[in-house]
Amino acid sequence: MTELILIGEEKKGSGTGSARALRREGKIPAVIYGFSENHMISLVYKDFLKEYQKGNLLSKLLDIKFGKKTLKVIPRDVQIDPVTDNPIHVDFQLIKDTVPIKVAVRVKVINKDKSPGIKRGGILNIVRKYISLSGIPKNIPEYLEIDISGFEIGRNVHINDIVLSKDVVPVDKDNFTVLTIAGRVEEQEEEQEETEESTEDKEQKVESKSLNRCRSK
């Protein structure tokens with residue numbers, strides 16, 4: 001997982017008034033919890049916003065330094081202002097190097113231009129854009145990369161097809177589908193029509209034979 005460093009400071013006071021005062025000072029309130037610890041802190045807003053806007057923040061490890069402490073955490077929730085869509089509060093979970101955690105990891109697809117199926121008009125359908133993984137923090141990847149070069153229409157990828165890092169396992173134990181290369185709707189409809197026509201032809205032939213037998217009698 002990607003590791004980042006943010007500088008924070010102990011937050012004095014609590015409640016809505018205190019949070020508003022911090023925002024006016026260019027800071028964002030946050031909480032760090034876990035292992036019987038609870039720290040109310042604030043971060044420099046522009047520093048946090050920079051990392052937030054890069055995306056995939058909830059799959060990244062951070063070292064937060066405040067006072068004489070440095071805590072390793074993972075973001076668990078970012079509260080967003082309903083009007084401005086800007087982050088206004090962050091929840092971090094304290095983690096330890098030897099204790100497994102659960103993380104929703106993004107699926108990243110590469111080499112779409114090298115897929116014959118897509119070149120023929122097939123549609124890439126990502127069934128699971130994020131996959132929940134469990135494992136030691138340093139072994140959990142920032143994203144799951146799937147190379148679809150050579151994939152034809154009808155090809156699919158299941159979670160068991162993906163090689164994971166040591167001691168990292170999916171939270172969902174089923175061999176679920178991650179992505180598929182589907183045919184275009186028009187092609188599927190044509191195939192269905194051809195199948196229906198073939199079935200109708202067979203039925204007509206059977207009916208015709210039955211009628212001929214009746215006439216011969």
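Need a quick list: strands (runs of 3 or more DSSP E) entirely within region 118-159 having at least 1 residues that are in contact (Cβ under 8 Å) with a residue 40 or more places away in the chain.
Where strands (runs of 3 or more DSSP E) fall fully within region 118-159 and carry at least 1 residues being in contact (Cβ under 8 Å) with a residue 40 or more places away in the chain, they are 123-126, 130-135, 143-147.
From 167, 172, grab the single residue that is among the acidic types (Asp, Glu), touching a strand residue (DSSP E or B) at 6+ places or on another chain (Cβ under 6 Å) and assigned to a loop (DSSP other than H, G, I, E, B).
167
Residue by residue through region 76-104, note down the ones that are touching a helix residue (DSSP H, G or I) at 6+ places or on another chain (Cβ under 9 Å) and under 23 Å from residue 21 (Cβ atoms).
Scanning region 76-104 gives 77, 78, 86, 87, 88, 89, 90.
For region 17-37, name all the residues that are within 28 Å of the chain's Cα centre (by Cα) and part of a strand (DSSP E or B).
So the first thing to find is which residues in region 17-37 are within 28 Å of the chain's Cα centre (by Cα), and the list is 28-35.
Passing the criteria: 28, 29, 30, 31, 32, 33, 34.
Condition (residue is of a type in the set (Lys, Arg), modelled with pLDDT of 95 or more, over 24 Å from residue 94 (Cβ atoms) and not assigned by TED's automatic domain parsing to the domain that holds residue 56) applied to region 152-169: is it met by at least one residue?
Yes, region 152-169 contains at least one residue that is of a type in the set (Lys, Arg), modelled with pLDDT of 95 or more, over 24 Å from residue 94 (Cβ atoms) and not assigned by TED's automatic domain parsing to the domain that holds residue 56.
When you check residue 83 against the structure, is it under 22 Å from residue 49 (Cβ atoms) and in contact with a Phe, Trp or Tyr (Cβ under 7 Å, 6 or more places away or on another chain), yes or no? Spell out the reasoning first.
Values: under 22 Å from residue 49 (Cβ atoms): yes; in contact with a Phe, Trp or Tyr (Cβ under 7 Å, 6 or more places away or on another chain): no.
Considered against the rule, which asks whether it is under 22 Å from residue 49 (Cβ atoms) and in contact with a Phe, Trp or Tyr (Cβ under 7 Å, 6 or more places away or on another chain), residue 83 comes out as no.
I'd like the full set of residues that are farther than 22 Å from residue 105 by Cα and outside any strand (DSSP E or B), limited to region 75-95.
Selection gives 81, 82, 83, 84, 85, 86.
The conditions are (1) on the phi > 0 side of the Ramachandran plot; (2) assigned to a strand (DSSP E or B), and residue 55 fails exactly one of them. Which is it?
Every condition holds for residue 55 apart from (2).
The values are calculated or read from the model by the stated rules, or taken from the named source; none is laboratory data. For clarity, every value in this text was computed on a predicted model and none was experimentally measured. Counting neighbours? That spans all protein chains shown, and the Cβs are built from the backbone with ideal geometry, glycine included.
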